[in-house]
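The values are calculated or read from the model by the stated rules, or taken from the named source; none is laboratory data. Predicted model, so just to flag it, every value in this text is computed and none were measured. No Cβ is skipped: glycine too gets one built from the backbone with ideal geometry, and neighbour counts run over all protein chains shown. Please note that ligands, DNA and RNA were not included when accessible areas were found on the heavy atoms of the full protein model with its side chains. Shrake-Rupley method; radii C 1.70, N 1.55, O 1.52, S 1.80 Å.
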Amino acid sequence: MSSAGLTSTGGESLPVITSVTARTLVVPLRQPLRTASGVVQSAPLLLIDVETDAGVTGRAYLFTYTPKVLGASAHLVTSLSELLVGQAIAPQRLSLHLQNQFRLLGTAGLLDMVLATIDTALWDALARFTGQPLIHLLGGQVGTNGGRLLCYASYGMDSLQETLRNVGEALEQGFRAIKIKIGHPTLAQDLQIVRGAQRALNGRAALLVDYNQSLSVPEAVIRCRALDDEGLTWIEEPTRFDDHQGHAHIAASIHTPLQLGENLWGARQIANSLEASASDCMMPDLARVGGVTGWLQASGVCAARQVPVSNHFYQEVSIHLLQATPTAHMLEYFPMADPILQQPLHQEDGYAVSPDRPGHGMEWDEHAVERYRVNLN
């Protein structure tokens, strides 16, 4: 074994990385994801595989929103692999090592997302090597509530007719919470959609809404105040994610909880948002928060303030992380990667069920991967 290997507390050498590879895919979505900022028709995914000399492979995927950066993401993985091959799988140490390589340049943006995805794959490899689910490695317990976590069905910004169809579908599937996107041209349209959805739900499930940063602060105050009496669980990102003062003003003007976090980079930005009283809840995005390592840091920040934590996308890994998070709230259920997985995350009666398999439980369906693979060279 390479001298780069570290020794675990049990005296057993950790696996050494032998290769880090990336593949680029464009996977169809079950239905287009409409937001106030545009429409996502398909899911551009970067698959990362970290192979080791112990015969275990760690896996993770990155959702890049647009295929235009898939090629650049893959090239970053190739370049970063030179810093990883020969290193023992010690995710937190390697995360710090990689971050230090770019201290002068900075990493926020695509580089951070690639680093986070590599970090997630490293944690998966380590959990697989120990033969336990990721949640166990993180100190959580699959047996808690039967390994089940309350989840919500996540939809886009649709017409009233489409919204009612989505609500009906979610109720049939047993969901107890549903999120819809709003930010229509007028407040009257937003209210029509929200009230129509609430009538259809008839108290059978909670309703959450997401503005996707589409409003100015004054407009957000007007609209969010108008939504205050609609029984919403939260209002998400009414204005620019980095406008802490603006969100703090909105939060102080309404009673409905504000939900932020998916666009905040790392535990430090999450801490800054909470320090400014910009958000009542927090939903880290695995790729922006810094992978599993970054999530652990951010969830500690939230736990210290008793802030409820949910996730943004990446449900297959997030279910493990949330069950190791002291202030876990709900799991966002949006199955973008299902078409390329051998065993997608299972949901029943409104709860996602943790897979009792080594690592995070994802295995690529290689036939599907080849079907959706795109060559960007």
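Scanning segment 267-287 for residues that are free of Cβ contacts under 8 Å to residues at least 40 places away in the same chain and not in a helix (DSSP H, G or I) yields Ala276, Ser277, Ala278, Ser279, Met282, Pro284, Asp285.
The residues listed here are Ala304, Ala324; of these, the one that is free of Cβ contacts under 8 Å to residues at least 24 places away in the same chain and either more than 30 Å from Pro28 (Cβ to Cβ) or more than 15 Å from the chain's Cα centre (by Cα) (or both) is Ala304.
Can you confirm whether His320 is touching a strand residue (DSSP E or B) at 6+ places or on another chain (Cβ under 8 Å) and open to solvent by 10 Å² or more (accessible area, probe 1.4 Å)? Here the answer is no, as His320 does not meet what is asked.
Looking at segment 80-97, is at least one residue part of a helix (DSSP H, G or I), of a type in the set (Ser, Thr, Tyr) and closer than 17 Å to Met362 by Cβ?
Among the residues of segment 80-97, not one is part of a helix (DSSP H, G or I), of a type in the set (Ser, Thr, Tyr) and closer than 17 Å to Met362 by Cβ, which makes the answer no.
Taken over segment 104-122, the residue count meeting the criterion of being touching a Leu at 6+ places or on another chain (Cβ under 9 Å) and closer than 12 Å to Ile48 by Cβ is 9. Arg240 meets the stated requirement of being of a type in the set (Lys, Arg), under 20 Å from the mean Cα position of the chain (by Cα) and farther than 19 Å from Ala177 by Cα.
Could you list, in sequence order, the residues of segment 289-299 that are open to solvent by less than 40 Å² (accessible area, probe 1.4 Å) and either aliphatic (A, V, I, L, M) or more than 24 Å from Ile48 (Cβ to Cβ) (or both)?
Kept after step one, since they are open to solvent by less than 40 Å² (accessible area, probe 1.4 Å), are these residues of segment 289-299: 289-295, 298-299.
Val289, Val292, Ala298 - these are the residues of segment 289-299 that are open to solvent by less than 40 Å² (accessible area, probe 1.4 Å) and either aliphatic (A, V, I, L, M) or more than 24 Å from Ile48 (Cβ to Cβ) (or both).
Within segment 271-288, the set of residues being out of contact with any Ser or Thr (no Cβ under 9 Å at 6 or more places or on another chain), of a type in the set (A, V, I, L, M) and open to solvent by less than 20 Å² (accessible area, probe 1.4 Å) comprises Leu274, Ala278.
One line per residue, one yes/no per condition, for (1) open to solvent by 20 Å² or more (accessible area, probe 1.4 Å); (2) free of Cβ contacts under 8 Å to residues at least 12 places away in the same chain:
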| site | (1), (2) |
| --- | --- |
| Leu201 | no, no |
| Val209 | no, no |
| Asp229 | yes, yes |
| Trp234 | no, no |
| Arg240 | yes, no |
| Gln245 | yes, no |
| Gln259 | no, no |
| Glu262 | no, no |
| Trp265 | yes, no |
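In the set Val369, Val292, Val353, only one residue is β-branched (Val, Ile, Thr), modelled with pLDDT under 95 and farther than 30 Å from Cys224 by Cβ; that residue is Val353.
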